[in-house]
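Peer 1: Before anything else, here's the structure in question.
The values are calculated or read from the model by the stated rules, or taken from the named source; none is laboratory data. Keep in mind it's a predicted model, so treat the numbers as computed, not measured. Cβ: placed from backbone, ideal geometry, glycine included. Neighbour counts: every protein chain shown. Calculation scope for accessible area: heavy atoms of the full protein, side chains included, ligands and nucleic acids excluded. Shrake-Rupley method; radii C 1.70, N 1.55, O 1.52, S 1.80 Å.
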Amino acid sequence: MSNNKTFLLTGLAGISLFALGAHADAAQEVRIATHVSAQSPLAKQAEMFAERVEERLPGEFDFELYPNGQLGKESALIDNLQLDTIEMVNVASGVMKVDDKLGFFDLPWLFEDREHVQRAMANGLEDALVDTIEGSMSAKVLGIYENGFRHIINSSHPIEEPADLEGMKIRISGGDFRQQIFASLGAAPAKVAWGETFTAMQTGVVDGAEAATYGFYGQKMYEVQDFLSLTRHVYTPSFLLVSPGFWNSLNDEQQTVFAEVANDMRDDAYSQAAEIEQSNLEAMRSALEINDVDLAAFREQVQSVYDDYVNHHGSDWLEIVRQSADVE
């Protein structure tokens, strides 16, 4: 075989990326798990990282990718990483629970667009996040990328202004701030397990849900819903994390390569996430009415959520975001 790497489906192991060269017998197993689908940005980022480390350090690692929650739900993945029972994870909202200040990413309409996110991260927000996460949990943060902007899918009507949410039962995830968002807009936030949301929509238990586009597409929610409104009400990062035991087992060269790969793939990871979102929208366009949203009216109505956050956690991260806005 001419290639020095390949993908195999190995039962529960999902996708295995490993070297077939002379050092394959000595390869160190590295499991990278995520709680979302193999077509999500998180799973694709794990794949990108594994491929690029393999290019730099051929044959030294046997990367096994576990998407779809095969090794547990997000909270279990985070716990097991800290216990050194799994080497790496790429997760999202669950990280925000390790420190209340990280509820920052549940603040509504925080970012104008993906470019705004990238500017804020480059202007110091990413460094601040790394310090907070590593100070609050037993893990090494290798990279912060994108899970995606969240939108609203429903069966009733397009969401174009705040009044359109009045009385709607919307399945939500996330913490207290996201609850406050929807309550302040007149909706009735509902806690339903993600795996049960399709049926809850189909039977009218909820009118709709908020999620990233890959979630709607992967769960085929377009089959039982009629409207997708691109509200972009919350942006959620992804966090590529390494267990402390595994990180300390790497030699200096390996640690350097892991860190450099995670850093150098950042722009490609953002671009890939944008492509996944656009692909999902195009795939659903024939089944749904999709509309953009004028966000100004929504921002005005949720100012109290920002005031509450600042009162508890200060405004330093908000200042980075504001200073990173596009002023042109």
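Peer 1: Return the calculated 222 nm mean residue ellipticity for the chain, to the nearest 500 deg cm²/dmol, obtained by summing -39500 (n - 2.57) across DSSP H runs with n ≥ 4 and dividing by the residue count.
Peer 2: Roughly -11500 deg cm²/dmol at 222 nm, from the helical runs in the chain.
Peer 1: Pull up the cross-link candidates among the lysines for Lys140, meaning alpha carbon to alpha carbon under 26 Å and not fewer than 8 places away within one chain.
Peer 2: Lys44, Lys73, Lys97, Lys101
Peer 1: Mean-square fluctuation check for the chain, GNM, Cα pairs under 10 Å: which of Ser156, Ser229, Ser286 is largest?
Peer 2: Ser286
Peer 1: First check a/c for segment 76-136, with a ≥ b ≥ c the square roots of the eigenvalues of its C-alpha gyration tensor; if it is under 1.5, answer rounded, and if not, answer prolate when a/b is larger than b/c or oblate otherwise.
Peer 2: Verdict is prolate for segment 76-136.
Peer 1: Under a 1.4 angstrom probe, counting protein chains only, how are Lys169, Lys44, Lys220, Lys73 ranked by accessible area, largest first?
Peer 2: Result, largest first: Lys73, Lys220, Lys169, Lys44.
Peer 1: On a 0 to 90 degree scale, rounded to 10, what angle separates helix 252-264 from the longest Cα axis of the chain?
Peer 2: Once rounded, one gets 30 degrees.
Peer 1: Let me ask you something else. Around Ala287, what is the net charge, scoring Lys/Arg as +1 and Asp/Glu as -1 over all other residues with Cβ under 14 Å from its Cβ?
Peer 2: -2
Peer 1: Ordered by residue, what ³J(HN,Hα) values in Hz, to whole numbers, does segment 40-54 give under the Karplus form 6.51 cos²θ - 1.76 cosθ + 1.60, where θ = phi - 60° and Gly and Pro are x?
Peer 2: Karplus values, whole Hz, x for Gly and Pro: 7, x, 5, 5, 5, 5, 4, 5, 4, 4, 4, 4, 6, 5, 4.
Peer 1: Sort 80-90, 258-268 by the packing proxy (mean of other Cβ within 10 Å over each peptide's residues), most packed first.
Peer 2: 80-90, 258-268
Peer 1: Only one of the values (1) 90, 52, 31; (2) 53, 45, 38; (3) 64, 43, 38 was calculated from this structure for Cα extents along the principal axes in Å; name its label.
Peer 2: Entry (3).
Peer 1: I'd like the antiparallel share, as a percent to the nearest 5, of DSSP beta bridges with both residues in the chain.
Peer 2: 60 percent
Peer 1: Can you spot the aspartates and glutamates whose alpha carbon is less than 13 Å from Lys191's alpha carbon? Ignore those fewer than 8 places along the same chain.
Peer 2: Asp176, Asp207, Glu210
Peer 1: For Glu115, Glu60, what's the largest-to-smallest order of accessible area, 1.4 Å probe?
Peer 2: Largest accessible area first, the residues go Glu115, Glu60.
Peer 1: While we're on this one: Angle check, please: helix 126-136 long axis (alpha carbons) against the longest principal axis of the chain (alpha carbons), in degrees 0 to 90, nearest 10.
Peer 2: The angle comes out near 80 degrees.
Peer 1: On average, how much accessible surface per residue is there in the chain, in Å², for a 1.4 Å probe, leaving out ligands, DNA and RNA?
Peer 2: So the chain comes to 43 Å² accessible per residue, rounded to a whole number.
Peer 1: Using a 1.4 angstrom probe with every protein chain in place, what is the largest-first accessible-area order of Phe105, Phe227?
Peer 2: The ordering from most to least exposed comes out as Phe227, Phe105.
Peer 1: With the dipole of the chain worked out from charges on the C-beta (+1 for Lys and Arg, -1 for Asp and Glu) around the Cα centre, which of Gln254, Tyr145, Ala92 lies farthest toward the positive end?
Peer 2: Ala92
Peer 1: Leaving out ligands, DNA and RNA, and with a 1.4 Å probe, what % of the accessible surface on the chain is carbon or sulfur?
Peer 2: Reported share for carbon and sulfur atoms: 45 percent.
Peer 1: Still on this structure, I have one more. Could you rank the peptides 302-309, 236-243 by their average count of other C-beta atoms within 10 Å per residue, with the highest value first?
Peer 2: Highest mean packing first, the order is 236-243, 302-309.
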